[in-house]
Amino acid sequence: MLPTDSHYTRTRTVDWQDPANVRRHAHGWTGLQIMQGIRDGTLPPPPIARLIGFRCIVAEPGLITMEVGAAEELENPAGLIHGGVAATLLDTVMGAAAHTQLPADRLSVTSNLNITFLRRLIPQSGTLRATGKVVSHGRTVAYAEGEFRDGAGRLAAHAVGSFSIIEVPNS
């Protein structure tokens, strides 16, 4: 059998809520209220969270933690968890941490992201956890750091990023 034969095929179905409708529903909510709503399940997570499979478990002022299970659908051709998974989660937790400190009419967008990968991850690495923490928050820029850890709590990647603070665009 060839590796492309249907015998080897896996299927995964992803569903999500209309993000424009979710934004309308959360209109007027602060960044912290939005992140706590996602954590508590009263607000649907964004489509990227459903696609990759991560979930918010901590949402406090200036601090966000998210988890994802290390799974084969996140592998690269070498059998490792793709570095883009860590990059996506680190970007998300740091930007969301900055967002928790913003009023309803502002949001944070990534302007710079620097990641150092320290440890390889495999599907057997357990539940992966990303934590973002605000280091400095000004009127126009927030600076944050992030950690990405394996199921045993070992540091697998570290990141720093800067996030521009902008007005919420009209929907």
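We did not get these values from a lab; they are worked out from the coordinates using the rules stated. Quick caveat: nothing in here was measured; it's all calculated off a predicted structure. Reconstructed Cβ throughout: ideal geometry from the backbone, glycine too, with neighbour counts over all protein chains shown.
What are the residues in the range 42-56 that are touching a Gly at 6+ places or on another chain (Cβ under 7 Å) and in a helix (DSSP H, G or I), if any?
Step one: list which residues in the range 42-56 are touching a Gly at 6+ places or on another chain (Cβ under 7 Å), which gives 43, 53.
Residues satisfying the conditions do not exist here.
When the residues of the range 110-168 are narrowed to those that are among the aromatic types (Phe, Trp, Tyr) and crowded, with 18+ Cβ neighbours inside 10 Å, which ends up farthest from Ala87 (Cα to Cα)? Show your work before the answer.
To start, the set of residues in the range 110-168 that are among the aromatic types (Phe, Trp, Tyr) comprises 117, 143, 148, 163.
After this cut, where a residue has to be crowded, with 18+ Cβ neighbours inside 10 Å as well, the list is 148, 163.
On the way: Phe148: 9, Phe163: 15 Å.
Taking the candidates together, the pick is Phe163.
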